[in-house]
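In what follows, a structure is listed as structure tokens, so that the remarks can point back to it.
The values are calculated or read from the model by the stated rules, or taken from the named source; none is laboratory data. Being a predicted model, the structure only gives us computed values, none of them experimental. FYI the Cβ positions are ideal-geometry reconstructions off the backbone, even for glycines, and counts take in every protein chain you see.
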Amino acid sequence: MTMLPEASAIKLGLVIDLDICVGCQACVVNCKEWNTAGYGAPLADTDAYGESPSGAWLNRVHAYEAGDGAGSRTVHFPKSCLHCEDAPCVTVCPTGASFKRAEDGIVLVNEDWCIGCGLCAWSCPYGARELDPAEGVMKKCTLCVDRIYNDNLPEEDREPACVRTCPTNARHFGDLGDPNSEVSQMVAARDGIDLMPEQGTKPVNKYLPPRPRRAADEAPVSLVAMAEADTPTGFWKWVDSTLDRLG
Amino acid sequence: MRPAWSIIFFTTISGLGLGLAGWIVLGLLPLMTPASVMGVGIGTLALIGVGLISSTFHLGHPERAWRALSQWRSSWLSREGVLAVIVMAGLAGWFAAAYSGGRVPFWGNLVLLVLIYVTVYATSMIYASLKTVARWHHPLTPICYLMFAAAGGLLTTLALLAILRLPITAALAQAAIVLMLSAWGVKLAWWRLAGMAKHAGSIESATGLGALGMVRPLMPPHTEENYLQHEMGFVVARRHADKLRMIALLLGGGLPVLILVLAPASAGALAVAVLAHVAGMFVERWLFFAEAKHVVTLYYGETA
């Protein structure tokens with residue numbers, strides 16, 4: 001059913017901290033690894049060891065330069081499905097394969113119904129959907145629906161693969177519908193943002209902007225001074241100068 | 001956007017067939033003999049049907065295409081499919097009635113006519129409803145599709161009149177000229193207005209990093225072209241856009257109008273006019289897709 005459900009109370013999603021991400025691509029790799037063996041068809045590659053390898057991935061990390069001068073910086077920018085509240089990819093689907101779950105807001109594709117027309121990928125402003133080159137069905141982030149509710153996994157593993165693997169703790173998973181949840185608090189404290197708000201998709205996933213730089217006029221720490229030993233006084237001053245004199 | 005041949009063929013041929021059907025149910029093409037009913041009926045349904053079937057060729061799973069009829073409540077693609085099936089069934093009934101010498105009541109023709117143009121509208125809305133492609137998401141987009149269906153359909157009706165050796169009144173030929181010129185007039189306006197449409201967003205709003213200043217891509221997330229760039233980042237057309245627009249305009253509009261002016265009763269000339277129009281429409285539709293820029297390209301450093 002591709003009508004959007006009533007807005008769910010629970011809105012599972014990710015919070016991505018652009019201040020912390022170092023662009024190591026571990027989340028990208030672990031996403032591919034988990035999802036190639038998990039929900040639905042494997043994530044295929046074409047010409048994997050040839051001249052122009054390509055393939056379906058559910059999470060990709062861009063890198064941007066932002067600003068000029070002292071305040072400028074390099075920002076690593078992970079991007080996957082934002083599980084939008086007004087998901088256009090759901091309503092354009094002609095078959096009912098693309099759907100948003102009423103219970104937790106996760107946007108999924110029923111791969112047995114998908115005809116691979118690609119219209120959902122065209123309707124997504126974020127490029128979150130990629131057609132599987134081997135299976136001919138649309139692939140997208142499932143928020144690791146086969147991990148987060150999986151009683152066979154130890155409790156600490158019941159979060160999306162990208163979150164579990166992030167070595168810098170730049171990715172967080174939780175209920176953004178609950179204002180008291182850890183992720184919601186984080187978004188409130190750091191003024192979390194929506195991507196392309198002008199598209200009116202109301203993304204659930206939020207991004208935490210890089211923290212402001214320390215003021216440029218703050219005196220920089222002198223590493224040379226830190227490396228130098230304290231100048232001795234009293235008895236040790238006498239020992240120091242005597243040893244110096246001895247040659 | 002990547003222009004899929006099956007989609008270009010579908011929108012062009014089905015659009016022409018639906019336009020023709022519209023003029024037929026209006027009674028502009030008097031079908032006197034069972035043979036002419038049979039010929040025109042099969043021909044019209046084939047135009048619509050072949051276009052529809054070809055649209056399934058680009059699917060990852062064409063064998064599941066029937067599922068696309070299920071989500072008419074939210075999806076324009078689904079609505080288009082459902083409407084096309086209803087129209088084809090209605091037209092089959094219409095031709096069957098004409099074949100057996102019966103007459104379809106006025107309201108029946110009216111309902112069919114409305115359904116035909118709502119189907120064309122639904123085709124256009126598959127694209128016009130996408131906010132992610134600024135130039136498609138424009139009120140003129142459906143009008144272009146509707147006008148071309150009507151103009152191409154009337155031109156084809158005239159050609160069939162000539163082929164069936166039925167009289168073509170001067171008023172009808174003039175109407176065809178006016179309609180064809182208006183359709184291309186709307187298209188020229190679309191190129192000018194919708195073609196210039198920009199996305200409201202920017203790389204700054206796409207990344208949310210605008211507060212830091214200007215944003216520039218530093219490293220792409222992959223070394224080779226991916227599905228997104230293949231599908232949404234087609235650039236070949238933009239280089240030759242002006243030339244291709246001229247070709248579309250001359251073949252699809254100029255030559256047919258010239259023939260309508262000079263030889264409005266010649267079956268051969270009108271057949272050439274229809275072929276030229278279809279060829280021009282192929283170029284026009286190819287450009288419609290190939291020139292369109294998707295908002296996701298902002299992430300790859302394209303400007304809005």
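Scanning region B:124-141 for residues that are within 12 Å of the chain's Cα centre (by Cα) and facing another protein chain (nearest Cβ under 10 Å) gives B:Ile126, B:Tyr127. Would you confirm whether or not region A:82-94 contains a residue that is under 22 Å from A:Pro133 (Cα atoms), touching a strand residue (DSSP E or B) at 6+ places or on another chain (Cβ under 9 Å), facing chain B (nearest Cβ under 10 Å) and part of a strand (DSSP E or B)? The answer is no, given that none of the residues of region A:82-94 is under 22 Å from A:Pro133 (Cα atoms), touching a strand residue (DSSP E or B) at 6+ places or on another chain (Cβ under 9 Å), facing chain B (nearest Cβ under 10 Å) and part of a strand (DSSP E or B). Hey, any hits in region B:228-237 for a residue that's more than 14 Å from chain A (Cβ to nearest Cβ) and either among the small types (Gly, Ala, Ser) or surrounded by 15 or more Cβ atoms within 10 Å (Cβ to Cβ) (or both)? Scanning region B:228-237, I find at least one residue that is more than 14 Å from chain A (Cβ to nearest Cβ) and either among the small types (Gly, Ala, Ser) or surrounded by 15 or more Cβ atoms within 10 Å (Cβ to Cβ) (or both), so the answer is yes. Entry remark, region B:184-219: residues being more than 7 Å from every other protein chain (Cβ to nearest Cβ), out of contact with any Leu (no Cβ under 8 Å at 6 or more places or on another chain) and modelled with pLDDT under 90 number 4 in total.
In the set (1) surrounded by fewer than 19 Cβ atoms within 10 Å (Cβ to Cβ); (2) outside any helix (DSSP H, G or I), the condition left unmet by B:His199 is number (1).
Residue count for region A:200-233 under the criterion of being among the polar types (S, T, N, Q) and modelled with pLDDT under 95: the result is 3. Among the conditions (1) farther than 21 Å from B:Val133 by Cβ; (2) of a type outside the set (Phe, Trp, Tyr); (3) at the interface with another protein chain (Cβ under 7 Å from one of its Cβ atoms), A:Gly127 misses just one, which is (1). The set of residues in region A:95-105 being out of contact with any Ser or Thr (no Cβ under 7 Å at 6 or more places or on another chain) and more than 9 Å from chain B (Cβ to nearest Cβ) consists of A:Lys100, A:Arg101. If the condition is being surrounded by 24 or more Cβ atoms within 10 Å (Cβ to Cβ), touching a Phe, Trp or Tyr at 6+ places or on another chain (Cβ under 8 Å) and not aromatic (Phe, Trp, Tyr), then region B:285-298 contributes B:Ala292, B:His294, B:Val296. Checking the conditions here, which among A:Gly38, A:Gly55 is at pLDDT below 95 and within 13 Å of chain B (Cβ to nearest Cβ)? Unique residue meeting the criteria: A:Gly55. When B:Leu83 is tested against (1) at pLDDT below 95; (2) under 20 Å from the mean Cα position of the chain (by Cα), only condition (1) is not met.
Residues satisfying the criterion are absent from region B:104-121 (criterion: within 14 Å of chain A (Cβ to nearest Cβ), buried (at least 22 other Cβ atoms within 10 Å of the Cβ) and β-branched (Val, Ile, Thr)).
Residue by residue, here is whether (1) surrounded by 22 or more Cβ atoms within 10 Å (Cβ to Cβ); (2) within 28 Å of B:Glu284 (Cβ to Cβ); (3) at pLDDT 95 or above holds:
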| position | (1), (2), (3) |
| --- | --- |
| B:Met1 | yes, yes, no |
| B:Phe9 | no, yes, no |
| B:Thr33 | no, no, no |
| B:Gly43 | no, yes, yes |
| B:Ser54 | no, yes, no |
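Does at least one position in region A:104-122 carry a residue that is crowded, with 21+ Cβ neighbours inside 10 Å and of a type in the set (Phe, Trp, Tyr)? Checked against the condition, which is being crowded, with 21+ Cβ neighbours inside 10 Å and of a type in the set (Phe, Trp, Tyr), region A:104-122 yields at least one hit.
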